[in-house]
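Structure record follows, encoded as structure tokens.
Derivation of every value follows stated rules applied to the coordinates shown; laboratory data play no part. What you are looking at is a predicted structure, and each value in this text was computed from that prediction instead of being measured. When we count neighbours, we look across all protein chains shown, and the Cβ atoms used for this are built from the backbone with ideal geometry, even at glycine.
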Amino acid sequence: MPRSEMVMGDGRSQSFAARLKSDWHIGDRSRLAQLLILVLIVVAAAMFAASIMTGAADASLSNVLRWLLGMEGAEQALSVRDRIIILDIRLPRAVLGLMVGASLAVSGAVMQGLFRNPLADPGLVGVSSGASLGAVLLIVLGSSFFGPLFAIFGFYALPVAAFVGGLITTLLLYKIATRSGQTSVATMLLAGIALGALAGAVTGVLIFMADDKQLRDLTFWGLGSLAGANWMKILSAGPIILVSLAVVPFLARGLNALTLGEAAAFHMGIPVQRLKNIAIVSVAASTGASVAVSGGIGFVGIVVPHVLRMVIGPDHRYLLPASALLGGTLLIFADMIARTIVPPAELPIGIITAFAGAPFFLWILLRGRSHMGL
Amino acid sequence: MIKASNLSVRLSGTQVLHGVNIEAAAGQLTAIVGPNGSGKTTSLKAIAGEVPYDGTVSINGHNIKMLKPWELALKRAVLPQSTVISFPFTVREIVRMGLSVGAKADAADTDRIARDALEAVDLSGFAGRFYQELSGGEQQRVQLARALCQIWEPVQHDEPAFLLLDEPVSSLDIRHQLTIMRLAKDFCERGGGVIAIMHDLNLTAMFADRMIMMKAGRVHATGHPNEVMTDAVMEAVFGCTMRVNVTPAGNVPFVLPHTAA
């Protein structure tokens, strides 16, 4: 006898055909999510190609592709100047945009999972400010205090310093906002504002202390832009971002369970403390590395996962890869706008993401006011 | 069998449990009963491995401190009093989370288990609904379906699995109280074990094989409901004088608040 018939107390039992007609398949968004990820891969590739072709120097896609793939005859179709522009300016810029966008969106999604709250975002709760502080500390006091750091880490020193700043902020935030497994939204947001302000104040003091050369470095770095993209930056931040993105798929099942609370996740067999440690280090590493190479770019981490949750639901197995793809695509798109909207000048990309992201964030708040209990 | 010996728990400086002994055998529904703040939930949390404790807790002879979280998850599933979720999961997605533990059969089989679990808690047709839009009692039943999925077979590899339920029926209507208690009983009859924290003494008397009466962080009385539910125990534990009666058929004890002096 099938179990269901034993359990139903009132003797009701359904035939298999009747069961098939029930709406069990409703609420299954996994097929939709898989489809969306495929679509996003195509869109990301298209956006990447568009970004390489967009700009003052003309370059058709077929010529660029043929040249990059080392095919016959392509050499002549592109001028030397165009080749330099593509290889040393546009290509690293698109790669960096993809990497930073993916890293910002994924660290937003992971942090929201960790705090069990859709409003947690590294930029919003001060983690980016902490990472900036780490970077500024290194630029200003670098030669006098952190000489050994440069010696050990070489060009990784800046991302590492930003990572440490981000890590300390994230740990403090978690300690303050989480009590016996429950995270208070209000405490988290307020503590994030306080920590962000504190990091900002210390950063201000450091800028005040900086000499002219350091000030130039700081301004150049702090613009929040992909403008300085080069292969060196990709080499310094890339490994950190790639490693922290690579561990994220292993967090998906744990983050799903964690949405039911820390105790429930433990009941379901998740090693909760280890999950939290990995999530915190991964968020701090990818935020730190992103801040180190591109300054503060806000709102990608909150808008991208939120939009995706509305379409495919909050299942992290699909949400995390989809966030990486959409985040990368959006940042490349924002960068294309940034460098073409006021030619020949360039707008810092942080301005574009803030213009699009801030009103959207307000809309989330207004929409969620009724049922999220904020 | 679950065996908790000499459990002592301190929560933020206060001694909540004083050397509690709880045993729950497979095939039996063990009910923990007692006044508010008597240590029922804390005892269950210690048995679940969720709060730090002094003493020992073992499941089927294994000390739970020696088991990895995923090993523990195959031996027992836990239903908390209430669960708040801030992401828009559907009922189907929540229930399927219970299936992600341990080695499970093919996808078609997990789908069947999740659907049967939802049917067992009388929520067929709720698969596509959003968890946040359900009532408290419906949410509680979704969580129970999720916990059931985790240990769908009451006996795995010749070892009984245990359901730990914290007030499984307190937010349910009377029909669903019976549905859930029968479900728990059915789980026991098929070889598993259940520990349930209960407030309704009459439902406890109807369904429990063993009753553990707690008072002020200690076990006051244990035994069959017929032995534990007496006028003297009611008076000593709850501090109100009540007459315990028995049903004419079956000799099941019951108590009406009307008789309180």
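Along its first, second and third principal axes, ordered by size, chain B spans 55, 40, 36 Å in Cα coordinates. Each of A:Thr169, B:Thr222 was scored by other Cβ atoms within 10 Å of its Cβ. Arranged with the fewest first, they read B:Thr222, A:Thr169.
Building the convex hull from the alpha-carbon atoms of the protein assembly as shown and averaging its projection over directions returns 35.0 nm².
Here the residues B:Asp158, A:Asp82, A:Asp121, A:Asp88, ranked from fewest to most Cβ neighbours within 10 Å of their Cβ, fall in the order B:Asp158, A:Asp88, A:Asp82, A:Asp121. Remark on B:Ile212: its backbone amide H falls under 5 Å from those of B:Ala31, B:Ile32, B:Val33, a criterion applied only to residues 5 or more positions apart or on other chains, H modelled at 1.01 Å from N. Summarising the strand pairing of the protein assembly as shown, around 60 percent of its internal DSSP beta bridges are antiparallel.
Holding the Cα-Cα limit at 29 Å, pick out from A:Lys175/A:Lys213; A:Lys213/A:Lys233; B:Lys3/B:Lys68; A:Lys276/B:Lys3; A:Lys175/B:Lys45; B:Lys68/B:Lys215 the pairs that are longer than that. Intermediate values should be presented prior to the final figure.
Numbers: A:Lys175/A:Lys213 38 Å; A:Lys213/A:Lys233 20 Å; B:Lys3/B:Lys68 18 Å; A:Lys276/B:Lys3 31 Å; A:Lys175/B:Lys45 23 Å; B:Lys68/B:Lys215 32 Å.
A:Lys175/A:Lys213; A:Lys276/B:Lys3; B:Lys68/B:Lys215, as the Cα separations exceed 29 Å there.
Report, please, the projected area of the range A:97-368 averaged over directions, based on the convex hull of its C-alpha atoms, in nm².
Working: hull surface 57.0 nm².
Result: 14.2 nm².
Can you give the mean number of other chain Cβ atoms that lie within 10 Å of the Cβ atoms in peptide B:245-252?
Working: counts 0, 0, 0, 0, 0, 0, 0, 0.
Mean number of neighbouring Cβ atoms from other chains: 0.
When the gyration tensor of the range B:88-150 is built from Cα positions, what are the square roots of 5 times its three eigenvalues, in whole Å, from largest to smallest?
Equivalent ellipsoid of the range B:88-150: 19, 11, 10 Å, largest first.
Computed 3J(HN,Hα) for the range A:265-276, one whole-Hz value per residue from the Karplus formula 6.51 cos²θ - 1.76 cosθ + 1.60 where θ = phi - 60°, is 4, 4, 4, 8, x, 8, x, 4, 4, 5, 4, 5, glycine and proline marked x.
Add +1 for every Lys or Arg and -1 for every Asp or Glu among the other residues with Cβ under 12 Å from the Cβ of B:Leu203, and state the total. Walk me through the numbers before you get to the answer.
Details: positive: B:Arg182, B:Lys185; negative: B:Glu167, B:Asp200.
Here the charged neighbours net out to 0.
Each residue, B:Asn202 and B:Arg10, gets one label point 7 Å from its Cα in the Cβ direction; the gap between the two is 4.3 nm.
Taking the Cβ-Cβ separation of A:Arg179 and A:Val205 as r and a Förster radius of 30 Å, what is the calculated FRET efficiency to the nearest 0.05? Write out the running numbers ahead of the final one.
Values: r = 32 Å, r/R0 = 1.07.
Efficiency computed from Cβ-Cβ geometry: 0.40.
Proximity of backbone amide H atoms, modeled 1.01 Å from N, is registered between B:Phe254 and B:Asn245, B:Val246, B:Thr247 at under 5 Å, excluding neighbours fewer than 5 places apart on the same chain.
With a sphere of radius 12 Å drawn around the Cβ of B:Val233, what net charge do the other residues whose Cβ falls strictly inside it have (Lys, Arg +1; Asp, Glu -1)? Counting the neighbours of B:Val233, the net charge comes to -2.
Calculated mean residue ellipticity at 222 nm for chain B: -9500 deg cm²/dmol, from DSSP H runs with n ≥ 4 weighted as -39500 (n - 2.57), summed, divided by the residue count and rounded to 500.
Proximity of backbone amide H atoms, modeled 1.01 Å from N, is registered between B:Thr56 and B:Ser5 at under 5 Å, excluding neighbours fewer than 5 places apart on the same chain.
Applying 1/(1 + (r/R0)^6) with r as the Cβ-Cβ distance of B:Gln81 and A:Leu190 and R0 = 30 angstrom yields a FRET efficiency of 0.60. Computed from the C-beta positions of B:Thr247 and B:Asn36, the FRET efficiency with R₀ = 35 Å rounds to 0.80. Here the 3J(HN,Hα) profile of the range A:331-347, calculated from phi with Karplus coefficients 6.51, -1.76 and 1.60 at θ = phi - 60°, is 5, 4, 5, 4, 5, 4, 5, 4, 9, 10, 6, 10, x, x, 7, 10, 8 Hz, Gly and Pro shown as x.
Note on A:Phe163, B:Phe130: ascending count of other Cβ atoms within 10 Å places them as B:Phe130, A:Phe163, the fewest first. Per-residue 3J(HN,Hα) values for the range A:237-249, derived from phi via the Karplus relation 6.51 cos²θ - 1.76 cosθ + 1.60 with θ = phi - 60°, read 8, x, x, 5, 5, 5, 5, 6, 6, 6, 7, 4, x Hz in sequence order (x marks Gly and Pro).
Could you tally the net charge around A:Ala191, taking each other residue with its Cβ under 13 Å from the Cβ of A:Ala191, Lys/Arg +1 and Asp/Glu -1?
On the way: positive: A:Lys175, A:Arg179; negative: none.
So the surrounding residues net to +2.
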